[in-house]
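K.L.:
Take this structure, written in structure tokens, and hold onto it; I'll ask about it next.
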Amino acid sequence: MTSDIAAILGIDGIATGAVYALVAIGTVLIFTVTRVIFIPFGDIAAFTALTLAALDAKRFPGTGALVVILACLATLIEILSLLRAGELRLLPRALLFYLALPLAVVGAAWLTMRLDPPLAVRLILALMLIMPISPLLDRIVFRPIADGTVLLLLTVSVALHFALVGLGLLFFGPEGVRTEPLTSLSTEFAGVLISGQTMLIVIAALVFSGLLYLFFDFTLVGKSLRATAVNRTGSRLMGIRPARAGTIAYLLGSLMAGVSGILIAPVNTVFYDSGFLIGLKAFVGAIVGGMTSYPGAAIGAVGVGILESFASFESSALKDVIVFSLLIPILIWRSLASLHSEEEIEE
């Protein structure tokens, strides 16, 4: 391996790691606020890429039908919950958030597609269609068992991933897609050619990480999410609703997964089931940060990307084995370094 090859592999690894970093940060965000290890995070990223590819091909994506089905299910579950609690006065708000808004997003996207929109508008449409999915899944699947153990939530999350893989095959088909590059620019640094897409990936990861920091430190909503992550019971006593905080966390997570899918689609062929490996490798990075630290998760994810890049050069067949083997020493180290206590179950 020459220095030029090492530099190329390093740049490729940083770009891949930047995508993993967005997914890892979103995974940590959802986990700290809701205690859910959201395994389908990578599926949301893959669905975004497939959605954008369909929009590029001037076809309305299956994401629209998926959002409509999830919105109807979430609305039905919310109505039944309000009936049991005797709080029908909240029905108009439930219909607005769980039915009217998702359907309005799908309708607006459908009408916009008839006008042959430019690339920038198609990117926005892809994000608009993908963002309601995670909050709707939260209402359907996770909120009824919100007080369950982390193990139960993880088991349900894994089952949800396999359900989404089946739905992905139904709504998007088995064909892989690769979208057009977002930019054709390129530059040379230290004798190594760097594509504009690579620079865009790294810049997007840095920008969104910075915006997330500003959101948590300087906005009331961000501070409420941090409070919920630190102590759910204490935040409830201070007037913060964990369910609402969870919805916001899922919305932000969907946005970060959507951006990841848009960035990775021009450089990788994406299939309906490609999200699992994306999410799992990002999860390895999140484990490095202990599932609590955003900078730790980002650094770990970039490290995973660099390791994967060099491992693919040495043995492309074993690159995934090498990356996932990294989990073993990390988990052992985390287990020995962390203080263990009985899990607190909120009443």
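The values are calculated or read from the model by the stated rules, or taken from the named source; none is laboratory data. If you're wondering where the values come from, they're calculated on a predicted model, not measured in any experiment. No Cβ is skipped: glycine too gets one built from the backbone with ideal geometry, and neighbour counts run over all protein chains shown. The accessibility values were calculated without ligands, DNA or RNA, using every heavy atom of the protein model including side chains. Shrake-Rupley method; radii C 1.70, N 1.55, O 1.52, S 1.80 Å.
K.L.:
Evaluate the range 156-166: report whether one residue or more is touching a Gly at 6+ places or on another chain (Cβ under 7 Å), in a helix (DSSP H, G or I) and open to solvent by 20 Å² or more (accessible area, probe 1.4 Å).
P.N.:
So far as the range 156-166 goes, no, none of its residues is touching a Gly at 6+ places or on another chain (Cβ under 7 Å), in a helix (DSSP H, G or I) and open to solvent by 20 Å² or more (accessible area, probe 1.4 Å).
K.L.:
Could you tell me whether V28 is touching a residue at least 12 places away in the same chain (Cβ under 8 Å), part of a helix (DSSP H, G or I), in contact with a Ser or Thr (Cβ under 9 Å, 6 or more places away or on another chain) and open to solvent by less than 40 Å² (accessible area, probe 1.4 Å)?
P.N.:
Here the answer is yes, as V28 does meet what is asked.
K.L.:
Looking at (1) open to solvent by less than 70 Å² (accessible area, probe 1.4 Å); (2) touching a Leu at 6+ places or on another chain (Cβ under 9 Å), find the lone condition where L88 falls short.
P.N.:
Condition (1) is where L88 drops out.
K.L.:
Which residue pairs have Cβ atoms closer than 6 Å, lie 6 or more positions apart in sequence or on different chains, and pair a first residue in the range 174-196 that is farther than 27 Å from F271 by Cα with a second residue that is aliphatic (A, V, I, L, M) and open to solvent by less than 70 Å² (accessible area, probe 1.4 Å)?
P.N.:
Between residues of the range 174-196 that are farther than 27 Å from F271 by Cα and residues that are aliphatic (A, V, I, L, M) and open to solvent by less than 70 Å² (accessible area, probe 1.4 Å), the close pairs are T187/I194; V192/A7.
Let's see how each residue does on (1) more than 15 Å from L73 (Cα to Cα); (2) assigned to a helix (DSSP H, G or I); (3) at pLDDT 90 or above:
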| residue | (1), (2), (3) |
| --- | --- |
| A94 | no, yes, no |
| L101 | no, yes, yes |
| A104 | yes, yes, yes |
| L115 | yes, no, no |
| L127 | yes, yes, yes |
| P144 | no, yes, no |
| E175 | yes, no, no |
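K.L.:
If I ask for residues that are in contact with a strand residue (DSSP E or B) (Cβ under 9 Å, 6 or more places away or on another chain) and either basic (K, R) or not in a loop (DSSP other than H, G, I, E, B) (or both), which ones from the range 177-196 would you list?
P.N.:
V177, R178, S186, T187, E188, L193, I194, S195, G196
K.L.:
Which residues, taken from the range 129-142, are of a type in the set (V, I, T) and farther than 21 Å from I79 by Cβ?
P.N.:
Within the range 129-142, just I130 meets the criteria.
K.L.:
While we're looking at this one, here's another question. May I ask you to list the residues in the range 230-240 that are within 17 Å of F216 (Cα to Cα) and open to solvent by 50 Å² or more (accessible area, probe 1.4 Å)?
P.N.:
Hits for the range 230-240 are V230, N231.
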